[in-house]
1. I'd like to know if segment 83-91 contains one or more residues that are within 12 Å of the ligand (Cβ to nearest atom) and charged (D, E, K, R).
2. So, in segment 55-113, how many residues would count as being free of Cβ contacts under 8 Å to residues at least 40 places away in the same chain, out of contact with any helix residue (DSSP H, G or I) (no Cβ under 9 Å at 6 or more places or on another chain) and small (Gly, Ala, Ser)?
3. Among the listed residues Val302, Val292, identify the single one that is within 13 Å of the ligand (Cβ to nearest atom) and either open to solvent by less than 60 Å² (accessible area, probe 1.4 Å) or not assigned by TED's automatic domain parsing to the domain that holds Phe118 (or both).
4. From the set of residues in segment 24-41 that are assigned to a loop (DSSP other than H, G, I, E, B) and open to solvent by 60 Å² or more (accessible area, probe 1.4 Å), which is nearest to Val302 (Cα to Cα)?
5. Keeping to segment 302-330, report how many residues are under 22 Å from Ile12 (Cβ atoms), among the β-branched types (Val, Ile, Thr) and within 23 Å of the chain's Cα centre (by Cα).
6. Give the number of residues within segment 168-183 that are out of contact with any strand residue (DSSP E or B) (no Cβ under 9 Å at 6 or more places or on another chain) and open to solvent by 50 Å² or more (accessible area, probe 1.4 Å).
7. Among the listed residues Gly350, Gly369, identify the single one that is out of contact with any strand residue (DSSP E or B) (no Cβ under 7 Å at 6 or more places or on another chain) and within 15 Å of the ligand (Cβ to nearest atom).
8. Right, Ile86: touching a Cys at 6+ places or on another chain (Cβ under 6 Å) and more than 21 Å from Pro247 (Cα to Cα) or not?
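The values are calculated or read from the model by the stated rules, or taken from the named source; none is laboratory data. Computed from a prediction, not measured in an experiment: that's the story for all the values here. Please note: Cβ atoms are built from the backbone with ideal geometry, for glycine as well, and neighbour counts cover all protein chains shown. Just the protein is used for accessible areas: all its heavy atoms, side chains included, with ligands, DNA and RNA removed. Shrake-Rupley method; radii C 1.70, N 1.55, O 1.52, S 1.80 Å.
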Amino acid sequence: MIKKTYVKDLAIFGGIPAFDEKLYVGRPNIGNRDRLLERINDMLDRRWLSNNGAFVQEFEQRVADYLGVKHCIAVCNGTIALELVIRALELKGEVIVPSFTFIATAHALQWQEITPVFCDIDPKTHTLNPWRIESLITPRTTGIIGVHVWGQPCDIDNLREIADKHHLKLMFDASHAFGCSHNGRMIGNFGSAEVFSFHATKFINSFEGGVIVTNDDELNQKIRLMKNFGFSGFDNVIYLGTNGKMPEVSAAMGLTSLESLEEFIKVNQHNYKCYQEGLAGIPGVSLFPMDVSEKRNCQYVVLEIDESQTMVNRDLLVKILHSENVIARRYFYPGCHRMEPYRSYFPHAGLLLPETEKLSQKVLILPTGTSVSETDISQICQIIQFVVKNQITNSKLSIN
Ligand code: T4K
């Protein structure tokens, strides 16, 4: 471990970086490599590479069983999963979504010429604030998409109540929330449907991939048709569709990943505790809490940097960490409403999103997962502690 004693020891001032190799947020967990290769060999022997193969069917069943949900439909990525549910639910006009989310949530709507209406978040949970929704409802509103950011479930009960009161469809982008629960029930069971991403950077991954889960038989049938061009048997297209199929190799990785689920969660929870200890007492640095009474995957280690206390601004801290080879991230800076095409469409959207604007200036995500060790975490925490203690500011940077 490299100890930083003097300010000049920081890599940004010419010191030796704390890490020889870059530490990334979202470094994939690999799981049992032999088992994966065995599956890939099986797949090659069978010469069945896509189109509802044996691994896809097994993956769908395993995910459905784990979540206790009736239907699971595997698809090629989380974005297509969102697009399919949006279309199957016949959302149109305007749909209420948070701006504090990955851009795919908004794009999945706009791609289908549906207007995402950005709603502010609750600064405590980082998810949609239900009490801000009603004022955004217009005669064109058809639905609400909640996002369980960082695996923190939305205020599901109040969202349900508001959706029912206004006859709106409710669905969830649960991309971050595989393995998480709400009131003891697994995420995946709420709204008309929920969507998970199994992108390489998620703690359970299928290289690229995602699933749609629902307890609605009709919706399940519709989405199954839609993800395969609308084919119902050879030569018979009965619906408008696209190509949303998950390939077998992805399902092979997904199955292998699932077999290590408990181990990955344990590693993430242990890492979280190490961060908790290492960051304790640093003024202005708070760790997004983990609710121990519910299931949590802890795949994101989320800090909020309160500059009025740290005296170090979040962006500078990110820069300093990057120079030490810790590739911390600013998800979801600057918020969807400040990204194209939305910032051109709605240049004043920020006026209604004060909490989103504040939070996206404060959030910093640190590396976790199976590629990060206890020693790495201890080193990262020491750097943060050192930077705050020495009040490294932009002016100090420009002097040196
Ligand atoms: N909704 C929400 C709430 C989401 O967070 C996401 C995806 C979606 C919907 C859409 O689901 P997908 O269509 O993606 O299935 C990443 C991911 O690409 C994205 O999937 C994820 N959310 C988002 C939160 O993070 P970026 O912008 O961080 O860049 P990316 O993926 O290039 O890489 C992140 C870091 O991970 C890199 O710095 C290096 C490391 N990395 C990445 C890959 C792919 C590796 O070490 N190995 C790898 O194989 O988006």
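1. Yes, because at least one residue in segment 83-91 is within 12 Å of the ligand (Cβ to nearest atom) and charged (D, E, K, R).
2. So the answer is 0.
3. On the way: Val292 fails: within 13 Å of the ligand (Cβ to nearest atom).
None of the other options fit; the residue is Val302.
4. Looking only at segment 24-41, we keep the residues that are assigned to a loop (DSSP other than H, G, I, E, B), and these are 25-32.
Of the ones still in play, those that are also open to solvent by 60 Å² or more (accessible area, probe 1.4 Å) are 27, 30, 32.
Working: Arg27: 16, Ile30: 23, Asn32: 28 Å.
The extreme case among them is Arg27.
5. Number satisfying all stated conditions: 4.
6. Pass one, segment 168-183, residues out of contact with any strand residue (DSSP E or B) (no Cβ under 9 Å at 6 or more places or on another chain): 181-183.
Filter again for open to solvent by 50 Å² or more (accessible area, probe 1.4 Å), leaving 183.
Here the count works out to 1.
7. Numbers: Gly350 fails: within 15 Å of the ligand (Cβ to nearest atom).
Going through Gly350, Gly369 in turn, just one is out of contact with any strand residue (DSSP E or B) (no Cβ under 7 Å at 6 or more places or on another chain) and within 15 Å of the ligand (Cβ to nearest atom): Gly369.
8. On the way: touching a Cys at 6+ places or on another chain (Cβ under 6 Å): no; more than 21 Å from Pro247 (Cα to Cα): yes.
The answer is no for Ile86.
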